[in-house]
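First up is the structure itself, then whatever we jot down about it.
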Amino acid sequence: MDTIVALSTPLGVSGIGLIRLSGSDCHRLACDIFGKESIKPRYSYLGQYRLLDQPNFIVDAPLFVYFEENASYTGEPMLEISCHGNPLILQQVIRDCIKRGCRQAEPGEFTRRAFLNGKIDLCQAESIEDLIHSQSLQALNIAQKQLEGSLSHKMEAFVDVLTDQVAFIEAYLDFPEEDLPEENRQHFENNLDDILNQLEGLINAHKFYTPLHNGIQTVIVGAPNAGKSTLLNTLLGQERAIVSDIPGTTRDFITEWYHLEPYTLKLIDTAGLHDTKEKIEKLGIEKTFEQVKKADFILWVLDGSQPWDDTLNRLKSLFPSEKTLVILNKSDLGLQAKPRYEIKDYVNCEVSLKTGESPSIIESAIYQFLSKYYNDFSQVEFMVHERHAEALKQAQEALIKAKNLLKGFGYDDCLASELKNAIYAFETIVGRVDYERVLDKIFSKFCIGK
Ligand SMILES: Nc1nc2c(ncn2[C@@H]2O[C@H](COP(=O)(O)OP(=O)(O)O)[C@@H](O)[C@H]2O)c(=O)[nH]1
Ligand SMILES: [Mg+2]
């Protein structure tokens, strides 16, 4: 296998920048670069990095560690070089490694090699991507367990049960003169029900994947001057957005993370929605509508002290009540009856963001709203990716058919074939089945150096 090289930390000024190499040449390269006869594995050395074409020039004095085959992340010989985090040093070192015969790694290639060398299965590889990118503590916790094999073990347990059953059915079909033992049939039916039950839970958990992984996309919308930026600042507890009584102050999006355990929200403060001819403002408004379409959760801020107008009617039709919480603001100025009436179909909370008493009221309104919308969020045990959900649905379909066949015809070939379909679906999740195409799709999501 060829030896690949990549920067594993972001390219930018930092204390340390880590360069990783993987492939059969690692030991020779380490000896050549650092002028050693041999190198002890898993031992940290301080070396002098000399460039191949300028041997008198020491580009950095990095720490390096060599890992032997079968005892590294990829399962191949590996070399990790911890340079000082100057992009110039890092570029020089990588270029030098390429001159010495390495190839720049493709995105995700280290993890792909780990998978191909049997160090991890596909579920585990995907959990590494979750570990790197997830935005909530709960997601990190689950991803860590999946890296240890929690989802893979579940799939393997299903496969074991079904494989035993297929073997039994096939033996029975070969010797049909033997009586079909009733207790086996009952036991089998119970097993099918148990797997189907668990499958339903897993398929259901898929809808939590994006909010766990990317955070809940929350767009703060409303007319100009309603108090959207004040809401953002109130939740964050800091003056993040400019608050002003000049309408149209917020034109571009302001995005901030906001943690309300167990939820992680990506708050997006937007331009006020109203009729305008002003070019830049108009652009901002169009962008806001795009955000509304993509949002998981909408916080609609309304100045309840102002009369209701036609623009608000139009906005109302754009914000579905099942994912919108209305913040009826400016209660200190006295709320009018009409807006209160108009938003009666929405979950809402009446506040005065200006008085500063509101954070806990709004926080608890958001918490309650999300708890209802994402019920059982904190009970989610698995990060069920789109790919997993699709395979799980195929398995579910096959097992439902199997259950009906068992009731109708007892043990026959069709039943065994449906069980095999389910087994195949579970195996694709773990990645035991050979399929290059799926691999490309998964690993292209990784960053280079991972
Ligand atoms: N009286 C009163 N004024 C408020 C309240 N909340 C915000 N404001 C004021 O309304 C104006 C517009 O607020 P801002 O957050 O910039 O609104 P945005 O355009 O929706 O982002 C500012 O002058 C705020 O101080 C409130 O609860 N009561
Ligand atoms: Mg604003």
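Taken together, the values in this text are just the output of simple stated rules run on the coordinates, not laboratory data. Please read these numbers as outputs of a predicted model, since none were measured by experiment. Cβ sites come from the backbone with ideal geometry, for glycine too, and all protein chains shown count toward neighbours.
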On a straight-distance basis, which lysines could pair with K40 in a cross-link, Cα separation under 23 angstrom, same-chain partners fewer than 8 positions away excluded? K119
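Order of 400-406, 214-220 by packing, highest average Cβ count within 10 Å first?
Packing order, densest peptide first, comes out as 214-220, 400-406.
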Under a straight-distance cross-link criterion of Cα-Cα below 14 Å, which aspartates and glutamates are reachable from K393, leaving out those fewer than 8 residues away in the same chain? E200, E418, E427
Please work out the Cα center distance from segment 187-241 to segment 52-129, rounded to the nearest Å. 36
Amide H of T324 versus every other amide H placed in the peptide plane: which residues, excluding those fewer than 5 positions away on the same chain, fall under 5 Å? I298
Measuring from its Cα centre, the chain shows a charge dipole (+1 at each Lys and Arg Cβ, -1 at each Asp and Glu Cβ) which, in debye to the nearest 20, is 2160
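Using the crude model of +1 on Lys and Arg Cβ and -1 on Asp and Glu Cβ, and no other charge, please compute the dipole size for segment 1-71 relative to its Cα centre, in debye to 20.
220
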Peptides 348-357, 319-328: what's the order by average Cβ count within 10 Å, highest mean first? 319-328, 348-357
Please list log₁₀ I(q)/I(0) at q = 0.18, 0.20, 0.22 Å⁻¹ for segment 111-201, using the Debye equation with identical point scatterers on the alpha-carbon positions. -0.87, -0.96, -1.05
Tell me, what ³J(HN,Hα) does each residue in segment 46-55 have, in order and in whole Hz, if you take phi through Karplus 6.51 cos²θ - 1.76 cosθ + 1.60 with θ = phi - 60° and put x for Gly and Pro? 9, x, 10, 8, 10, 6, 4, 8, 9, x
I'd like to verify something in the chain: which complete DSSP H helices, judged by Cα projection on the helix axis, reach 24 Å or more and average at least -0.5 on the Kyte-Doolittle scale? 150-174, 413-430
